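Below: one structure, written as structure tokens.
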Amino acid sequence: MNATTPEKTGARIVVPVALEGRGYDIHIGRHQLCEAAALIAAFAPGAKAALVTDESVAALHGAAFETCLQQEGISVTRITIPPGEASKSYAQFVALCDALLAAKIERNDLVIAFGGGVVGDLTGFAAAVLRRGVRFVQVPTTLLAQVDSSVGGKTGINSPHGKNLIGAFHQPALVIADTALLDTLSEREFKAGYAEVVKYGLIDDPDFFDWCEANWSRVIAGGPERDHAVAVSCRAKAAFVARDEREEGDRALLNLGHTFAHALERLTSYDSARLVHGEAVAIGLALAFRFSQRLGLCSGQDAIRVSRHLDHVGLPSRLRQVPGGAGSAEEIVNAMAQDKKVKRGVLTFILARGIGKSFIAPGVAADEVRAFIEAELASKD
């Protein structure tokens with residue numbers, strides 16, 4: 001199935017992640033919670049499970065999923081954390097590990113992450129270190145988590161020094177993306193997740209970006225276009241992960257826009273009332289293309305096209321759109337200095353020669369970045 005041909009309505013889509021000895025499948029479709037329970041039971045017969053979720057997801061879907069798991073004979077302990085990026089903290093990590101140990105989760109049992117990217121990242125990290133590694137399953141409930149963070153085994157928490165700086169690679173055993181769960185997302189959260197969808201077109205699939213321009217409103221509305229967008233994104237992510245599991249090569253391209261985004265999240269203190277991850281990514285994508293244009297790498301027409309699409313969707317594309325301000329150029333550059341792609345103190349960016357033509361650019365001069373950000377902060381466009 002190519003990037004521009006949606007799958008049949010109601011069809012369940014299975015995307016394999018091909019890792020030798022650690023491969024797993026991503027199951028995509030609507031109303032899959034009980035199917036998810038059956039898949040989990042078949043995968044780990046007789047295992048206990050800890051269901052880790054946040055307060056918002058628990059109120060909407062917790063009882064239904066627990067019932068499905070219990071009907072499959074799975075003994076479940078629910079562990080609930082506060083919603084929001086602030087839960088990716090040392091304190092919450094320790095509390096979750098202690099709760100999992102209190103639930104007597106053993107190495108042959110399962111930890112199920114049932115929530116958005118925060119729940120998945122935190123739970124995956126706890127599973128990676130609990131008893132030196134227990135199996136975990138991702139059941140993502142946000143668009144952002146379904147198309148990005150639930151796939152690929154990156155787990156972790158934030159530090160005052162930066163985002164996702166403490167963590168581990170720990171692949172899930174199974175990913176189940178029930179797209180019907182996205183119906184309960186707020187418009188803001190859904191659109192924020194869409195930034196991670198359109199990213200795949202901007203990295204290396206210009207046909208998919210064309211499709212997104214034509215179909216973004218249908219993705220938001222639901223139906224086969226939504227499932228298709230999730231499937232294309234997961235196939236793209238799975239291919240990168242299979243080639244480069246530990247981000248030693250081209251998997252870094254998945255960070256297009258994220259060097260800017262993570263700096264903005266740090267400067268807004270991970271306050272989701274001001275800025276959620278996908279909104280930061282949207283600004284980061286637009287900045288990456290405008291920075292590429294400034295460096296003479298990318299046409300102004302492509303940079304404008306990216307910003308215009310984000311604007312049409314209702315996503316931010318400018319630093320001035322950060323509520324309460326994005327900080328000074330110096331503060332933004334200093335926040336970037338803790339980015340995971342920094343090597344020997346030198347910034348690495350993902351830049352673009354055009355839509356679908358991104359590349360890894362090591363050794364970008366901080367003075368160039370600072371001058372660009374100063375111009376962006378001063379811009380009235």
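Can you tell me which residue within the stretch 334-350, out of those that are surrounded by fewer than 20 Cβ atoms within 10 Å (Cβ to Cβ) and within 20 Å of E376 (Cβ to Cβ), is modelled with the highest pLDDT?
N334
Against the definition (among the aromatic types (F, W, Y), buried (at least 18 other Cβ atoms within 10 Å of the Cβ) and over 25 Å from A214 (Cα atoms)), how does F289 come out, yes or no?
Details: among the aromatic types (F, W, Y): yes; buried (at least 18 other Cβ atoms within 10 Å of the Cβ): yes; over 25 Å from A214 (Cα atoms): no.
So F289 does not fit the description; no.
Please tell me if F93 is under 30 Å from R12 (Cα atoms) and among the aromatic types (F, W, Y). Step through it out loud before you land on a result.
On the way: under 30 Å from R12 (Cα atoms): no; among the aromatic types (F, W, Y): yes.
No, not satisfied.
Taking the stretch 174-184 as the search range and keeping residues that are of a type in the set (A, V, I, L, M, F, W, C) and buried (at least 20 other Cβ atoms within 10 Å of the Cβ), which one is nearest to A42 (Cα to Cα)? Can you show your working first?
Going through the stretch 174-184, the residues of a type in the set (A, V, I, L, M, F, W, C) turn out to be 174-177, 180-182.
Retained after the next criterion (residues that are buried (at least 20 other Cβ atoms within 10 Å of the Cβ)): 174-177, 181-182.
Working: L174: 11, V175: 14, I176: 14, A177: 17, L181: 23, L182: 26 Å.
Filtering the stretch 174-184 for residues that are of a type in the set (A, V, I, L, M, F, W, C) and buried (at least 20 other Cβ atoms within 10 Å of the Cβ), the one nearest to A42 (Cα to Cα) comes out as L174.
Considering only the stretch 2-40, state which residues are closer than 26 Å to K154 by Cβ and either in a loop (DSSP other than H, G, I, E, B) or at pLDDT below 90 (or both). Even if it seems obvious, please write down each step before you answer.
From the stretch 2-40, those closer than 26 Å to K154 by Cβ are 3, 12-29, 32-33, 35-37, 39-40; that's our starting set.
Correct list: A3, R12, A18, L19, E20, G21, R22, G23, Q32.
I'd like the full set of residues that are surrounded by fewer than 24 Cβ atoms within 10 Å (Cβ to Cβ) and among the aliphatic types (A, V, I, L, M), limited to the stretch 111-152.
A128, V129, L130, V134
Need at least 1 residues that are modelled with pLDDT under 95 per element, so show me which helices (runs of 4 or more DSSP H) inside the stretch 160-277 make the cut, counting only ones lying wholly within it. Don't jump to the end; show me each part of the working.
Working: elements: 187-204, 206-221, 224-243, 258-267.
Helices (runs of 4 or more DSSP H) meeting the threshold: 206-221, 224-243, 258-267.
Filter the stretch 94-136 down to residues that are in contact with a Phe, Trp or Tyr (Cβ under 8 Å, 6 or more places away or on another chain), of a type outside the set (G, A, S) and under 23 Å from G46 (Cα atoms), then give me how many there are.
Going through the stretch 94-136 one residue at a time, the tally reaches 5.
Which of (1) part of a helix (DSSP H, G or I); (2) farther than 26 Å from S233 by Cβ; (3) touching a residue at least 60 places away in the same chain (Cβ under 8 Å) is the odd one out, the single condition R370 does not satisfy?
Unmet condition: (3).
Are there any pairs, at least 6 apart or on different chains, whose C-beta atoms fall under 7 Å, with the first in the stretch 116-144 and within 16 Å of A49 (Cα to Cα) and without any contact (Cβ under 8 Å) to a residue 60 or more places away in the chain and the second in a strand (DSSP E or B) and among the aromatic types (F, W, Y), and if so, which?
If the second residue must be in a strand (DSSP E or B) and among the aromatic types (F, W, Y), the pairs left are G124/F136; A127/F136.
Among the residues of the stretch 235-281, count how many are farther than 17 Å from A329 by Cα, touching a strand residue (DSSP E or B) at 6+ places or on another chain (Cβ under 8 Å) and buried (at least 24 other Cβ atoms within 10 Å of the Cβ).
Going through the stretch 235-281 one residue at a time, the tally reaches 2.
The values are calculated or read from the model by the stated rules, or taken from the named source; none is laboratory data. Quantities reported herein were computed from a predicted structural model and do not represent experimental measurements. Cβ coordinates were reconstructed from backbone atoms using ideal geometry, including for glycine residues, and neighbour counts include every protein chain displayed.
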